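The values are calculated or read from the model by the stated rules, or taken from the named source; none is laboratory data. This one's a predicted model, so the numbers in the text were calculated from it and none came from an experiment. Here the Cβ positions follow ideal geometry from the backbone for every residue, glycine too, while neighbour counts run over all protein chains shown. Remember, those area values only see protein heavy atoms, side chains included, never the ligands or the DNA or RNA. Shrake-Rupley method; radii C 1.70, N 1.55, O 1.52, S 1.80 Å.
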Amino acid sequence: MLFFEIRIIINIGYETDNSKLVKLKTKIHSSLRTVEWKNNAVVMIDQTKLPNKLVFVKYTDYKDVANAIRTLVVRGAPAIGISGAFGLALAALQSKAKSKEKLLEDLEKARNTLFETRPTAINLAWGLDKIMKVANKSNNVTEIKKLIIQTAKKMAEEDIETNMNMGKHGAALFENNDRIMTHCNAGALATVGYGTALGVIRATKESGKKIKVIATETRPVMQGSRLTAFELKHDGIDVSLIPDTAVGYAMFKGLVNKVIVGADRILRTGHVYNKIGTYQVAMMAKQHNIPFYVAAPLSTFDLKSNPEDVIIEQRNRSEVTQIGDRKTAPDDIDVINPAFDMTPPELITGIITEVGIAKPSFEESIKKLFKSKM
Ligand code: RUB
């Protein structure tokens, strides 16, 4: 596998240490990019190493990008959408094709390899299809290569802009002294930068309101403790970490008055697919009369599928039977390890997007949001 580990780059102000937690000198959303295109290579933060080490990996082979998506080096719906697009840009550069037809064949093969890595987040298909459309419309090999790279870079820049706009819309829903629960990581690390749900939290804080965040640890991959707690703490946002099993306790005790999460796929009916455990959080919020918001860009919407069409990714049993190298379950135990679940629309108060907020009934209001974009 082609990659370099970069331990210290002074000009963007971070440092890493093998034994201690990573300490950053500047804000994550303004100083770091989760994934970017640099000198004909894709550079990304290896999120499997956080919060102990900040390691940047650099790929020049699209197959390594596919592997990075599969193994959660990069994760989070918008981030894997952009990584897929950059993966295709690498595939175009790698291709030795002399004709447009042959190059399109090579790209189609790369598209399939990248697409098969993770089935639930629709953003991956969105990123890949957008690039394939550009390739199909271009005239020749040189033009395809140039336009694919240009488009993928533009998509990455637009991702940040989209998140900032989502933040502006969403911040209006939050008030001074709100106590906001979030699940998994829908932050700068799940996107190119700034974040979706955490983008709204950032924008709320930037608007001068005082807020407190309660982050769930998000078993079994711990995106909440490893990534959300890390991100918010480094950016100076007041955050407390709780075990997933303390969601009911925290709501019952009044430690939470609003919830916001991200999404991996949203159907036209307002069914939301997000990290496993989201459904439980939403149910518990309903029980305690706590508003439950979802923040996601329009690229996370799948207007064609019905709930029965959506594939829920099932992940490796070892995520559940061990912590690191230590076994935490009997050998040969049967394991069910879904990575996502579905939250039905009746549990959702509002869906925050870059063009506005969808409210029940979702089918009509989602339609309106898409119309306003055209
Ligand atoms: C990530 C996950 C996140 C959404 C956030 O799962 O479920 O909550 O992707 O997306 P994984 P967004 O870590 O397994 O990829 O940033 O669009 O809200």
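Cross-link reach is defined here as a Cα-Cα straight distance under 16 Å, omitting same-chain residues fewer than 8 places apart; for Lys154 the lysines meeting it are Lys38, Lys130, Lys133, Lys145, Lys146.
At R0 = 41 Å, how high is the FRET efficiency between Gln150 and Lys212 if r is their beta carbon distance? Nearest 0.05 is fine. The calculated FRET efficiency here is 0.45. Measuring nothing but protein heavy atoms, the accessible surface of the chain at 1.4 Å probe radius is 53 percent carbon and sulfur. Which residue fluctuates the most in the chain, going by a Gaussian network model with Cα springs under 10 Å, if the choices are Asp334, Asp61, Asp235? Greatest mean-square fluctuation among the candidates belongs to Asp334. For the chain, the orientation-averaged shadow of the C-alpha convex hull comes to 19.0 nm² (one quarter of the hull surface). Relative to the longest principal axis of the Cα atoms of the chain, helix 278-287 runs at roughly 30 degrees. In the chain, the longest principal axis of the Cα atoms and the axis of helix 122-137 are about 30 degrees apart.
Modelled label positions at Thr71 and Lys368, each set 7 Å beyond Cα in the direction of Cβ, lie 4.7 nm from each other. Distances between placed amide hydrogens fall under 5 Å for Ser240 paired with Val213, Ile214, Ala215, all partners being 5 or more residues away or on another chain. For the pair Asp332 and Glu175, label points projected 7 Å from Cα toward Cβ lie 5.8 nm apart. Spatially, the stretch 173-204 and the stretch 314-374 are offset by 16 Å when compared through their Cα centroids. Taken one residue at a time, the phi angles of the stretch 178-188 give Karplus couplings (6.51, -1.76, 1.60, θ = phi - 60°) of 5, 10, 10, 8, 9, 10, 6, 10, 10, x, 4 Hz. Gly and Pro are set to x. The trypsin sites (Lys or Arg not before Pro) of the stretch 276-374 that meet both conditions, a loop assignment by DSSP and at most 11 other Cβ atoms within 10 Å of the site Cβ, are Lys304. Calculated [222 nm] ellipticity per residue, helices only, for the chain: -11500 deg cm²/dmol; basis is -39500 (n - 2.57) per DSSP H run with n ≥ 4, divided by all residues, nearest 500.
Measure nothing but the geometry: give the 0 to 90° angle between the long axis through the Cα atoms of 100-115 and the longest principal axis through the Cα atoms of the chain, rounded to 10°. That works out to roughly 30 degrees. What the phi angles of the stretch 358-369 give under the Karplus curve with 6.51, -1.76 and 1.60, with θ = phi - 60°, is a coupling list of 8, 10, x, 7, 5, 4, 6, 6, 5, 4, 4, 4 Hz, glycine and proline written as x. Once you sort the root eigenvalues of the Cα gyration tensor of the stretch 217-266 as a ≥ b ≥ c, which label holds: rounded (a/c under 1.5), prolate (a/b larger than b/c) or oblate (the other case)? Rounded is the answer for the stretch 217-266, as its axis ratio a/c remains below 1.5. Charge dipole of the stretch 58-110 (Cα centre as origin; +1 on each Lys and Arg Cβ, -1 on each Asp and Glu Cβ, all else neutral): 80 debye, rounded to the nearest 20. Along the stretch 266-271 the Karplus relation, 6.51 cos²θ - 1.76 cosθ + 1.60 evaluated at θ = phi - 60°, assigns HN-Hα couplings of 10, 7, 4, 7, x, 6 Hz to successive residues, with x for each Gly and Pro. Label the stretch 179-244 by shape, choosing from rounded, prolate and oblate, from the square roots a ≥ b ≥ c of the eigenvalues of the Cα gyration tensor; if a/c is under 1.5 it is rounded, and otherwise prolate applies when a/b is larger than b/c, oblate when it is not. Oblate is the answer for the stretch 179-244, as a/c is 1.5 or above yet b/c matches or exceeds a/b.
Can you bin the stretch 164-373 into rounded, prolate or oblate? Criterion: square roots of the alpha carbon gyration tensor eigenvalues sorted a ≥ b ≥ c, rounded for a/c under 1.5, prolate for a/b above b/c, oblate for the rest. Here the stretch 164-373 falls in the oblate category.
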